[in-house]
Amino acid sequence: MVASKAASMEGYCVTCLHPGIRKILALLIALITKQAAGMSAIPDSSKLDEEPHHWAKVASRDLAFVRDTIDAAHPGGLEKDDLPFHAWREEGYHQAQALAARASSERQAIAAVRFYAIGFQDGHLAIWSDAAHQQRRAWTGWLMQQRDGGYFVSARASRWPIALPPIGARILECDDRPVSSVIHEDIMPFTDRRVDLTNVRRKLVAHVTMQIPIEPLWRDTSPQSCVAEFPDGRRERIPLLWREDEEGIRQAFSVARRPQGMQYLDDGTVWVDVTDFQLDKAGFERLEILLAQLRALDTAKMVIVDTRGNGGGNSAIGDRILRALLKQTMPPEPLQASAWWRVSQIAIDHLQGHADRYRAFQGETGEEVRWIDGILSRMRTAQKNGVDWAQNSFETEPDEITNPEDTGAPFQGRLGLVTDANCASACLDFADAVLRIPGAIHLGEATSADTNYLDVTQLRLPSGLMMCLPLKVWRGRARGSNEALIPQFAYDGDINDTVSLQKWVLDTMRK
């Protein structure tokens with residue numbers, strides 16, 4: 001079995017994994033521009049908010065649907081050793097239902113359902129609304145970052161009606177509460193509890209001075225003032241003026257979009273941008289061009305693989321990229337690693353949808369088509385025989401996935417891997433594979449993380465909310481559940497400044 005095959009058909013949806021900042025931005029922009037007429041099955045909140053018990057019933061029904069769906073198809077339901085999963089499934093459900101009973105608005109109803117999903121601390125298990133008109137997108141004209149044990153102003157609006165705190169000012173409290181209390185009590189339970197992850201911390205802090213429409217909070221009001229400590233030591237209470245404006249979302253979550261491809265730098269170094277594992281037909285055509293270029297790099301002195309902006313997708317794409325470069329020297333997965341699908345009709349329907357999609361533009365001989373067909377065959381046989389699990393097909397059919405083009409002289413130079421804090425899901429699988437290569441160097445930011453549950457499908461809840469549900473489980477994976485990959489060389493500058501980053505990477509690799 002070649003590297004990353006156990007997770008190669010990870011159907012990661014763009015909104016499921018919160019750390020995918022580029023994808024959060026893409027969804028938000030799509031929501032902003034979408035017409036309300038065709039949006040959602042959720043009723044008009046302007047009228048229903050007048051009915052005091054309506055939203056409590058909506059939230060309660062959605063919660064029951066979420067738990068029933070988890071029981072029917074989530075692999076964690078059959079993993080007896082996952083005690084935190086089973087504990088939250090019960091206790092979290094009761095807490096969420098108690099919260100739902102108090103919901104008096106659509107926003108609170110959504111927050112109650114999200115509270116339950118977020119408690120599993122799994123980026124692949126998520127709830128969100130695709131109806132942009134329901135929630136505000138507003139901010140106060142400035143953003144913060146957490147560093148050195150405090151919270152500091154890191155970005156400001158280009159124009160704002162009132163004076164804003166300067167970049168670098170330390171924010172001590174908001175509405176007479178420490179910033180950390182606002183985050184842990186008002187934001188974290190409804191957004192993401194994995195505070196040890198860099199990108200999660202960034203998003204949690206952004207919520208203090210920004211309203212993110214796909215992540216509504218329970219609280220009725222937003223902070224109205226904060227106390228700032230200026231570089232000269234002065235302290236001042238500053239008012240917060242909330243305005244509907246898109247600049248804040250762009251400043252907080254924008255990632256420089258770089259096409260997937262390759263560039264030749266000086267001294268025999270090749271920089272490879274591996275930015276996207278969610279490809280359409282045109283994307284697969286561009287991938288074939290990149291693969292052909294990678295197969296010709298056997299004499300390159302150094303290759304830098306840059307995954308910035310890659311939040312996941314189809315792990316098979318990363319596998320093909322690495323195989324094209326390394327050919328027969330591709331390191332295998334650890335022998336103890338394997339992936340198993342929980343057998344359910346939900347999973348079978350999900351896989352059939354993927355098969356139909358890939359067959360439409362790859363034909364019957366496409367790699368993805370053959371891979372999914374193998375998985376589907378096992379799933380249907382298992383379902384017919386009343387078996388709970390179907391092993392991922394690649395563990396048992398390694399010969400079928402070898403591409404005859406991936407032969408010949410392999411790349412044997414130095415290999416560097418660049419990650420940002422949003423690398424998650426299939427991007428992490430790719431990073432795992434790169435770092436199994438002897439001598440590979442990891443640079444950049446610490447990655448995001450995922451649990452051992454992966455390969456998601458999307459389902460619509462009774463209210464119209466959307467749900468991402470994992471369908472497969474890793475067993476024996478070297479990287480632990482929710483464990484980030486920490487670079488050997490951490491970059492302290494702006495990770496989106498490619499020119500400065502490239503200079504630093506090359507200088508570091510050549511030492």
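The values are calculated or read from the model by the stated rules, or taken from the named source; none is laboratory data. In this text the structure is predicted, and so the values were computed from the model without any measurement. Here the Cβ is made from the backbone with ideal geometry for all residues, glycine too, and neighbour counts use every protein chain on show.
Points to keep in mind about this one:
- Residue within region 316-326 that is on the phi > 0 side of the Ramachandran plot and assigned by TED's automatic domain parsing to the domain that holds residue 485 present: no
- When residues of region 346-367 are limited to those that are small (Gly, Ala, Ser) and either in contact with an Asp or Glu (Cβ under 9 Å, 6 or more places away or on another chain) or in a helix (DSSP H, G or I) (or both), the one farthest from residue 280 (Cα to Cα): 347
- Filtered residues of region 251-291 (kept if under 26 Å from residue 456 (Cβ atoms), touching an Asp or Glu at 6+ places or on another chain (Cβ under 6 Å) and modelled with pLDDT of 90 or more): 260, 273
- Residue check, residue 218 more than 30 Å from residue 482 (Cβ to Cβ) and either touching a residue at least 60 places away in the same chain (Cβ under 8 Å) or not hydrophobic (A, V, I, L, M, F, W, C) (or both): no
- Residue match in region 216-226 (condition: modelled with pLDDT under 90 and surrounded by fewer than 21 Cβ atoms within 10 Å (Cβ to Cβ)): yes
- Counted residues, region 173-200 - those being touching a residue at least 12 places away in the same chain (Cβ under 8 Å), of a type in the set (D, E, K, R) and either out of contact with any helix residue (DSSP H, G or I) (no Cβ under 9 Å at 6 or more places or on another chain) or assigned by TED's automatic domain parsing to the domain that holds residue 451 (or both): 2
- Of all the criteria given as (1) touching a Gly at 6+ places or on another chain (Cβ under 7 Å); (2) surrounded by 21 or more Cβ atoms within 10 Å (Cβ to Cβ); (3) assigned to a helix (DSSP H, G or I), the one not satisfied by residue 294 is (1).
- Scan region 297-331 for residues that are part of a loop (DSSP other than H, G, I, E, B) and within 25 Å of the chain's Cα centre (by Cα) and the total you get is 7.
Listed here are the residues, each with its yes/no results for (1) surrounded by fewer than 21 Cβ atoms within 10 Å (Cβ to Cβ); (2) within 29 Å of residue 354 (Cβ to Cβ).
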position	(1), (2)
422	no, yes
443	yes, no
454	no, yes
457	no, yes
466	yes, yes
478	yes, yes
489	yes, no
493	yes, no
496	yes, no
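- Scan of region 137-172 for residues that are in a loop (DSSP other than H, G, I, E, B) and either crowded, with 16+ Cβ neighbours inside 10 Å or not assigned by TED's automatic domain parsing to the domain that holds residue 215 (or both), ordered by number: 137, 140, 141, 157, 160, 164, 165, 169
- Close pairs (6 angstrom Cβ cut-off, 6 or more residues apart or separate chains): under 24 Å from residue 510 (Cα atoms) and in contact (Cβ under 8 Å) with a residue 60 or more places away in the chain in region 270-290, surrounded by 16 or more Cβ atoms within 10 Å (Cβ to Cβ) and among the small types (Gly, Ala, Ser) anywhere: none
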